[in-house]
1. In the list V188, V173, V180, which residue meets the criterion of being farther than 22 Å from V32 by Cβ and either β-branched (V, I, T) or out of contact with any Gly (no Cβ under 7 Å at 6 or more places or on another chain) (or both)?
2. Before we move on, is H112 over 15 Å from T41 (Cβ atoms), in the same structural domain as S45 (by TED's automatic domain parsing), crowded, with 22+ Cβ neighbours inside 10 Å and in contact (Cβ under 8 Å) with a residue 60 or more places away in the chain?
3. Go through segment 35-45 and count every residue that is surrounded by fewer than 22 Cβ atoms within 10 Å (Cβ to Cβ) and either at pLDDT 95 or above or touching a strand residue (DSSP E or B) at 6+ places or on another chain (Cβ under 7 Å) (or both).
4. Is it the case that segment 94-106 has a residue that's more than 21 Å from G54 (Cα to Cα) and exposed (fewer than 14 other Cβ atoms within 10 Å of the Cβ)?
5. Restricting the search to segment 77-108, which residues are of a type in the set (D, E, K, R), farther than 15 Å from V37 by Cβ and at pLDDT 95 or above?
6. Report, by residue number, each residue of segment 115-133 that is out of contact with any strand residue (DSSP E or B) (no Cβ under 7 Å at 6 or more places or on another chain) and in contact (Cβ under 8 Å) with a residue 60 or more places away in the chain.
7. Looking only at segment 173-232, which residues are under 24 Å from V137 (Cα atoms) and of a type in the set (S, T, Y)?
8. Looking at segment 46-60 only, could you name the residues that are of a type outside the set (S, T, Y), surrounded by fewer than 20 Cβ atoms within 10 Å (Cβ to Cβ) and farther than 14 Å from E94 by Cα?
Amino acid sequence: MNYEDDFGDPRGGLPHQGNDVLATKRAPVVAVESGTVGYWTTSRSAGCMLYLHGDSGTTYEYIHLNNDLTRRNDNRGRCVKGVAYAVPDKLHVEAGRTIGYVGDSGDANGLHAHLHFEVHPNGGKAVDPYPYLQKAVHLLAPAPAAGSSFTLKLTGTVVGASGTELTLAADTVTAWPSHVRQSKLGRVVTLTATDAEAAAPGERVVVWTEPAPGTIEALAGQPDALAVDRLTLL
């Protein structure tokens, strides 16, 4: 995932109203705050688009969502749940829930898959999303369905192991039940562990976490919000 502050840049004679977040096709996009989703499927330029009407009053626009049925740019999919969207229309979702999938629909067709993301405070004029993206909590995994739990497989290097805490410089993570995998992660995660000293600093390990609730603290891997289930030395 890559993005820069391209708000206001010229786009076909008009200023860019959001930030383009480059990502792999069908990468999950998540709700940036709790709110109600709304499908928008009739714009030739936006393609498959989704509104998130945040509980705070801010409206967010997710544009150019997926419309391909294969890894190729086939444009055979419609703007429906399972192709462009991950949740039903008009559903109220919690922050962190997967709500759609990155694509190249609309006038992004054939370009690098990306999410055009807009922020409209109080449902009004678009403002620069870049400060919001910079301040956002970066999740290790999308949120599971309400009331469900998730687990992670983390691969990385031990940087600290003492008492009941294991600190890991994680470079790869795979999440369940979403099956979302992130590489080149570059995140330091501190987990609780009953036998933290089973691994020494500098050792490469794979860590599976115990099932955790879909709280922002756990999804973001905040210190001691996740617990080690098992650990394997590489």
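The values are calculated or read from the model by the stated rules, or taken from the named source; none is laboratory data. Computed from a predicted structure; not experimentally measured. A quick note on method: Cβ atoms are made from the backbone with ideal geometry, for glycine too, and the neighbour counts reach across all protein chains shown.
1. Just one listed residue meets the conditions, V188.
2. Answer is no for this residue.
3. Of the residues in segment 35-45, 6 are surrounded by fewer than 22 Cβ atoms within 10 Å (Cβ to Cβ) and either at pLDDT 95 or above or touching a strand residue (DSSP E or B) at 6+ places or on another chain (Cβ under 7 Å) (or both).
4. no
5. R78, D104
6. Selection gives N122, D128.
7. T174, S178, S183, T190, T192, T209, T215
8. G57
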